[in-house]
1. If the Cβ limit is 9 Å and pairs must be 6+ apart or interchain, which residue in the range 53-74 that is outside any strand (DSSP E or B) pairs with which residue that is within 16 Å of ligand 2 (Cβ to nearest atom) and of a type in the set (Lys, Arg)?
2. Which condition breaks for Lys47 when tested against (1) surrounded by 19 or more Cβ atoms within 10 Å (Cβ to Cβ); (2) within 16 Å of ligand 2 (Cβ to nearest atom); (3) not in a helix (DSSP H, G or I)?
3. Which ones in the range 79-126 are outside any helix (DSSP H, G or I), more than 24 Å from Ser163 (Cα to Cα) and hydroxyl-bearing (Ser, Thr, Tyr)?
4. Ala287: among the small types (Gly, Ala, Ser), under 23 Å from Leu135 (Cβ atoms) and touching a Cys at 6+ places or on another chain (Cβ under 8 Å), yes or no?
5. Does Lys230 meet the test of being in a helix (DSSP H, G or I) and within 17 Å of Ile131 (Cβ to Cβ)?
6. Just one of the numbered conditions (1) over 29 Å from Ser199 (Cβ atoms); (2) surrounded by fewer than 20 Cβ atoms within 10 Å (Cβ to Cβ); (3) touching a residue at least 60 places away in the same chain (Cβ under 8 Å) is not true of Thr118; which one?
7. Which of the numbered conditions does His248 fail, given that it passes all the others? Conditions: (1) of a type outside the set (A, V, I, L, M); (2) within 27 Å of Phe56 (Cα to Cα); (3) touching a residue at least 40 places away in the same chain (Cβ under 8 Å).
8. Residues to consider are Val151, Val94; find the one that is away from ligand 2 (no atom under 15 Å from the Cβ), among the hydrophobic types (A, V, I, L, M, F, W, C) and within 21 Å of Thr276 (Cβ to Cβ).
Amino acid sequence: MNFLSIEESSSSHLETLVDLALEMKATRGAHENQPLKGQTWAIIFTKASTRTRVSFEVGIRELGGEVMFLSKNEIQLGRGEPIKDTARVLGRMVHGVVIRTFQQQDVVDFASYSAIPTINALTDEEHPCQILADLLTIKEKISTWKEKKIVFIGDGDNNMSRSWMWAAKYLEFELVVAAPQSCLPPQNFMDRLAAPNVSLTTDPAEAVQNAHVINTDVWLSMGQEDQKEKEALFGNYQVNRELLSHAHPDHIVLHCLPAYREKEITEEVLEAHADTIFQQAENRLHAQKAVLAQITAS
Ligand code: CP
Ligand code: NVA
């Protein structure tokens with residue numbers, strides 16, 4: 001059993017994981033169940049991370065497991081050893097792997113060649129663990145995503161927006177993605193998604209109209225940092241006080257972090273919503289413990 005994408009998930013799977021995450025959070029520090037006892041997990045990251053790395057290291061230990069962090073440059077992967085060979089070696093030594101990398105196919109290949117539980121900790125395609133934490137935060141802050149309007153403003157064709165779109169498809173909430181035309185998801189993705197409750201717009205104010213959840217992310221994802229011409233497209237897509245004046249009076253603001261102030265979000269809005277945003281960051285721990293417990297139980 002793996003956790004590679006929201007696309008491969010389902011409504012019942014997502015709801016089960018969020019409920020289990022709530023339970024993990026409520027019982028933190030008093031776990032009798034140690035599902036990873038006797039296990040050693042590897043965390044392989046080829047991109048930077050603060051939240052994901054720390055939350056997985058802590059989560060694995062809290063569930064009774066041992067953990068080793070392997071950055072690309074410390075292992076032969078960084079010198080060109082194929083992912084399928086790395087997977088076949090680690091699959092014979094460790095009990096599960098958490099991977100952050102560029103290509104979704106590398107995570108899929110790792111899972112298939114290693115034959116051990118494999119978790120996607122972010123690829124260019126998806127960020128499934130983050131979406132679980134975001135759903136948990138919505139449940140805690142506004143009790144449900146049902147009948148709510150959720151907006152994603154920023155790069156509509158990145159890992160976060162795609163994972164959100166798959167979550168909307170399965171959980172059936174209204175999702176509006178607002179992005180510059182060239183940063184909206186392509187038609188072939190929308191055809192594959194086939195979710196009438198997900199709509200696209202280039203108008204952020206229209207998107208935010210009466211929205212309950214306003215979600216944003218960096219304009220340039222990891223690996224795109226030098227695409228200054230892309231960044232220049234996002235001038236009108238900043239989450240700021242004026243934009244939020246169109247939202248529902250009881251709205252919340254989410255940001256997966258790291259945040260670039262005065263780019264995708266103003267300092268003022270980030271600090272006004274810091275309670276929610278840092279709760280969202282904490283929820284990575286609880287959500288991933290749910291994933292780890294569920295994967296090892298199945
Ligand atoms: N949100 C998130 O994945 O943060 P890190 O890149 O710090 O892990
Ligand atoms: N879209 C961002 C998410 C960071 C957690 C990136 O891939 O860099």
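The numbers here are math on the coordinates, done by the rules we state, and not lab data. Remember, predicted model here, so these are calculated numbers, not experimental data. Here the Cβ is made from the backbone with ideal geometry for all residues, glycine too, and neighbour counts use every protein chain on show.
1. Correct list of pairs: Arg53/Arg100; Val54/Arg284; Ser55/Arg284; Phe56/Arg284; Gly59/Arg284; Lys72/Lys47.
2. The failed condition is (1).
3. Matches in the range 79-126: none.
4. Working: among the small types (Gly, Ala, Ser): yes; under 23 Å from Leu135 (Cβ atoms): yes; touching a Cys at 6+ places or on another chain (Cβ under 8 Å): yes.
Here the answer is yes, as Ala287 does meet what is asked.
5. Numbers: in a helix (DSSP H, G or I): yes; within 17 Å of Ile131 (Cβ to Cβ): no.
When the stated conditions are applied, Lys230 does not pass them.
6. With respect to (1) over 29 Å from Ser199 (Cβ atoms); (2) surrounded by fewer than 20 Cβ atoms within 10 Å (Cβ to Cβ); (3) touching a residue at least 60 places away in the same chain (Cβ under 8 Å), Thr118 is out only on (2).
7. Result: His248 fails condition (2) only.
8. Working: Val94 fails: within 21 Å of Thr276 (Cβ to Cβ).
Exactly one residue qualifies, and that residue is Val151.
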